[in-house]
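Step one of this worksheet: look at the structure below.
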Amino acid sequence: MRAVRLAATGAAAGAATAVTALGMAGPALAAPEPAPAVPAVKVAPNPFKPGASLTVKISACDTAPAGGAGQVFTAAPKFRGNAGELWTAVAATKPSLTPGHSYKAAFTCKVGETTHKLTLTVNPSKEPGVKPAPQKFSFGYDDVELSTRKVIPGKSMTFTITCPTAVTITGNGFTTKALAVKTVRTGVFKAVGMFRSGTLPNPTVATVACKGHGYVKYSTKPGEAIKPGKKSPQIPAGAPNTGDGSLSLHHEDGGSMTPALVGGGSAGALAVVGGGLVLLRRRGAGREQS
Amino acid sequence: MPGDTSASAGRRVLGAAAGVLLGGLLLGGCGGGNTAGSAPPTAPGSSSAPVPARASASAPAAQVTYAQPMGRSLPKSIRIPKIGVSAPVSQLGLKADGTIQEPPLSRPNLAGWYEQGPTPGEEGPSVVLGHVDANKRAAVFFKLKELKKGDRIEVTRQDGSVATFAVQGMEDVPKKSFPGEKVYAEDLDYAALRLVTCGGAFDAGTGHYVNNTIAYARLVDAT
């Protein structure tokens, strides 16, 4: 059933394409005349920083949109475009605009004999489109404070950690594998580790991890002070961008791209499917004629 | 109505072929989905002692013995016979915004090692990046996603030694959830290598691919 449905869909799509092509080649069928397009206005960016230039686009006007600077612009935008298509203007906004307020500018244009009025509303903001820089935090030994450097069986050690996320502390000499970590205040944590009585492992190690920012390790041997051991490297922010998409092929379904090699394969496959449909169609037509 | 039956059968066959083709296309792409063998990697044994592992077709030996970590020596070149990679390796640091540098697009066949991490062969996860495409050319890691468990990766180091790794698993992840801690800073007591490139669809809006393809490998030989 699935195969039949796919074939039928493909055939229907082919028929629709053919009808369109015929319609273009010959005189138009007696269809009702489409209603005249209604002009519409778009602006980008919005919101924006006062003083920034905006791109205003107005569609479907037969005459160039006209209008004053209104509350928004330092001068009346000058539109360029073609009758009935898209008209575009780039104009600077007044630096005196106040973020958080709305401002309007009006334009008029004609479609046929009808004059249309379009109103543009914009919203300036303080820092449009500027995202706060990611907080740079590199977890290291400076972010861990130990109450003592001595590791003594049956005694405790207190860890105070600065970390913007969450902390875990593990070790091979504590009475528990992972220590209970308490939040002292935002970004500061505390934990107390109790070392086992008797002989401790050699080396005795403790690992302090700050989630998302790596870890530091401490190590000691019997009779020695605990000291920094291995430390994780700084974890780069974000994900690596390793490719420029130059072997990709644009798809119109939302702008996603797939590699050209696959795109080539797609084209070939669709050609095969299309060709098959044509063959079937011809075969059917041949039967009808005979 | 034999004619109808024949035509119907033909359509069925054609439809099935179309389905297979279209299905294949949907599943294709630059890592748009998980490729065969790209299941999330299973964590290798954490013991530094040799651990037996099953090898792939590329490494027909039934058993793989992991090697002990090597000393520090910077990487010089990388070779991956399975996907035809033979490339020099540069060093990559961090940009001002905290993201990792990438090899220049002008040198598609250049890989880059993250210099703040262990060198390939040292204990811990060593990370090597490479472009998937650059300047309309297939770049050094264009076929990275084709790697499978057991495939070998050889890194020649500046001291002349060669660290050979075996792929443990492949992962294709959205960039939004890139496992940075796992890739760069996993707490390991053995030598590991992570190869990273881009995958998935290309977002023209951002100018970047939406996924990353990651190969996880472990040291199996040091010579």
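Numbers at a glance
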read-out: Test: B:Ser126 is open to solvent by 70 Å² or more (accessible area, probe 1.4 Å), more than 9 Å from chain A (Cβ to nearest Cβ) and under 21 Å from A:Asn241 (Cα atoms); value: no
read-out: Any pair with Cβ under 7 angstrom, 6 or more apart, that starts in the range A:54-74 at a residue that is farther than 12 Å from A:His116 by Cβ and touching a residue at least 24 places away in the same chain (Cβ under 8 Å) and ends at one that is in a loop (DSSP other than H, G, I, E, B) and open to solvent by less than 20 Å² (accessible area, probe 1.4 Å); value: A:Val56/A:Pro77
read-out: Every pair of residues 6+ apart whose Cβ atoms lie under 6 Å, when the first sits in the range A:170-188 and is within 13 Å of A:Thr204 (Cβ to Cβ) while the second is small (Gly, Ala, Ser); value: A:Thr170/A:Ala178; A:Gly171/A:Ala206; A:Phe174/A:Gly193
read-out: Every residue from the range A:210-238 that is under 15 Å from A:Gly140 (Cβ atoms), in a strand (DSSP E or B) and in contact (Cβ under 8 Å) with a residue 60 or more places away in the chain; value: A:Cys210, A:Gly214, A:Tyr215, A:Val216, A:Tyr218, A:Lys227, A:Pro228, A:Lys231
read-out: Test: residue in the range B:151-166 that is at the interface with another protein chain (Cβ under 9 Å from one of its Cβ atoms) and open to solvent by less than 30 Å² (accessible area, probe 1.4 Å); value: no
read-out: Residues satisfying the stated conditions in the range A:165-191, i.e. open to solvent by 60 Å² or more (accessible area, probe 1.4 Å) and assigned to a loop (DSSP other than H, G, I, E, B); value: A:Thr165, A:Thr175, A:Thr176, A:Lys177, A:Ala180, A:Thr186
read-out: Members of the range B:168-197 that are farther than 18 Å from B:Pro75 by Cα and away from chain A (no Cβ under 13 Å); value: B:Gln168, B:Gly169, B:Met170
read-out: Some residue of the range B:72-90 being open to solvent by 60 Å² or more (accessible area, probe 1.4 Å), under 14 Å from the mean Cα position of the chain (by Cα) and not charged (D, E, K, R); value: yes
read-out: Subset of the range B:79-113 that is within 7 Å of another protein chain (Cβ to nearest Cβ) and not in a strand (DSSP E or B) - its residue that is farthest from B:Val183 (Cα to Cα); value: B:Leu105
read-out: Residue count for the range A:221-251, restricted to those that are within 15 Å of A:Ile169 (Cβ to Cβ) and buried (at least 21 other Cβ atoms within 10 Å of the Cβ); value: 1
read-out: Strands (runs of 3 or more DSSP E) lying entirely in the range B:114-199 (those with 3 or more residues that are under 30 Å from A:Thr207 (Cα atoms)); value: B:124-129, B:162-174
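The values are calculated or read from the model by the stated rules, or taken from the named source; none is laboratory data. Given the structure is predicted, the values throughout are model-derived calculations rather than measurements. We place every Cβ from the backbone using ideal geometry, glycine too, and count neighbours over all the protein chains shown. Areas reflect the complete protein model, heavy atoms only, side chains present, ligands, DNA and RNA absent. Shrake-Rupley method; radii C 1.70, N 1.55, O 1.52, S 1.80 Å.
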